[in-house]
Each structure stands twice: as C-alpha cells, then as structure tokens.
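These notes concern the structure reproduced below.
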Amino acid sequence: MKYLAKILVVVIVCTMTTDLFAQNFVVKGGLNLSNMVTKDDDDTYSDDFKMRPGFHVGAAVEFPINEMFSFETGLLLSTKGFQTSEEETYDGEILKYEQKLNLLYFDIPLTAKATFDLGNAKIYGVFGPYLGMGLSGKLKAEFTYGGESDSEEEDVEWGSDEENDDLKRLDFGLTMGAGVEISSIQIGLTYGLGLANISSYNDNGNKINNRVLGISVGYKF
C-alpha cells in the first residue's frame, strides 16, 4: 500500500507540472461496463454474471517520445463490479433474485501510445499496465416473490483477512485500447484485464479478477 501511495504522489506531481514536462494534458470521462471472473480449482462461478454499467472520470498526461510514440499516465476514478439476476418458479409464483456489486477505484494507467496521422484525424492505440486501489464498495441484493419485494445492502470490507474481509484493495492488470482524435477531441475504447487476485479468501484456489470495458470522450489541451 505504501508503494502505491508513492506512485499516486508521483503521478499527481507530474500532472501538476504538465507545462514543464509534457505537451499534452487530457481530461476524460465516459461509460464503464464492468464484470468479474470468479472461480476456484473446482469450477467457474461467474458464467451468469452480467456487465454492470458505471463510469470513469479523470485526467491524463501524455509524454511524447517522438512523432509517433508517447507515454501516457494519469488518475481515473473508475467503477467496477458486476450484476446478476435469476428467476425460478415455485407454486406458480415467480421468485426473482438480483445482485449488484458496486466498487469504486482509483486507477493509474501506465500505457505506451502509438498515434497515426490520417490528415484530418488521428488514430491511436494504447497498451500497458495499470494499478488500482479500491476506495469503497457495496453489495446489494433484491428479492421479489409473490408480488412482494425485499432488499439488503452490505458494505464491502477491504483487506486480506480471510475471516473478516471481502476483497483486497490492490488491483493491477493490463489496459489495451484504440481511439480516434479529431482536433482536440478524443474518442476511445479500452479494455482493462485484471490480473490481480482481489479475493481475500484463497482456499481451494479461489480467485476474483476485474474486467472493465470503457468508452471515453476526452479533451486534449
């Protein structure tokens, strides 16, 4: 955690000194479609999980290396999680169960960027690692049966204690994507492949990994 905090400080300093060390500063935001892979040595339990809509918002700094290649980093406030729903029929009545896991992260992309000039527009591709730190989380379950509904909410406990915690705060993985740049406007599509096992419970090879598809619009200064 101390190592991640140091990286956060470095990125913030770089962002604040953009005029001195970089040519491009980008503010961006957009849609997240997040999911999770949950499995152990016996089975995969996330096959019925569905993408959870959310958002990301933040800023990035682009450090040019030459006319084609650059390095990009920044800070993004990003939602992750999943949702699922099931329906069963009992005695002629429909039982519906819905579950939503909402997680909020600070993500730090550390990506290489290749840009190709097409005249009136540019296209680009990005690839590289990311670091993430879980900030908050909530699990919500809703039950509907016989025309009556009930719901429960529970805060996510962050940490590595198998008895008391749900998820580890530290996330990391790979970011890949592409986009188009027209004048100062950027429109991009990225995919975050979580490689960190964020499950606090590790018996029987239990693993939980984040997956995030992002669609963003940015403005470059």
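Here are the numbers for the structure shown:
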read-out	value
Average accessible surface area per residue within the chain, 1.4 Å rolling probe, Å²	56
Among F116, F82, F106: highest mean-square fluctuation, GNM of the chain, C-alpha pairs under 10 Å	F116
Backbone HN-Hα couplings from phi across the stretch 91-104 [Karplus 6.51/-1.76/1.60, Hz, Gly and Pro as x]	6, x, 9, 8, 9, 10, 10, 10, 9, 9, 10, 10, 10, 10
Relative packing of peptides 97-103, 197-203 - highest average C-beta neighbours within 10 Å first	97-103, 197-203
Helix 2-16 vs. the chain, principal-axis angle (Cα, 0 to 90°, nearest 10)	40
Nonlocal Lys pairs with alpha-carbon distance under 13 Å, the stretch 31-186 (8 or more apart, or different chains)	7
Whether the stretch 153-199 is rounded, prolate or oblate, judged on the alpha carbon gyration tensor where a/c under 1.5 counts as rounded	prolate
Calculated Cα extents along the principal axes in Å (choose from (1) 67, 39, 29; (2) 77, 48, 30; (3) 44, 41, 35), label	(1)
Helix-only mean residue ellipticity at 222 nm for the chain, each DSSP H run of n ≥ 4 adding -39500 (n - 2.57), per residue, nearest 500	-2500 deg cm²/dmol
Charge dipole of the chain about the Cα centre (unit charges at C-beta), most positive-ward option of T111, L101, S199	T111
Largest-first principal axis extents, alpha carbons of the stretch 23-133, Å	68, 35, 24
Given charges at beta-carbon only (K, R positive; D, E negative), |dipole| of the chain in Debye	1720
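The values are calculated or read from the model by the stated rules, or taken from the named source; none is laboratory data. Being a predicted model, the structure only gives us computed values, none of them experimental. Ideal geometry is used to build each Cβ from the backbone, glycine not excepted, and the neighbour counts take in all protein chains shown. When the accessible area is computed, the model is the full protein with side chains, heavy atoms only, and any ligands, DNA or RNA have been set aside. Shrake-Rupley method; radii C 1.70, N 1.55, O 1.52, S 1.80 Å.
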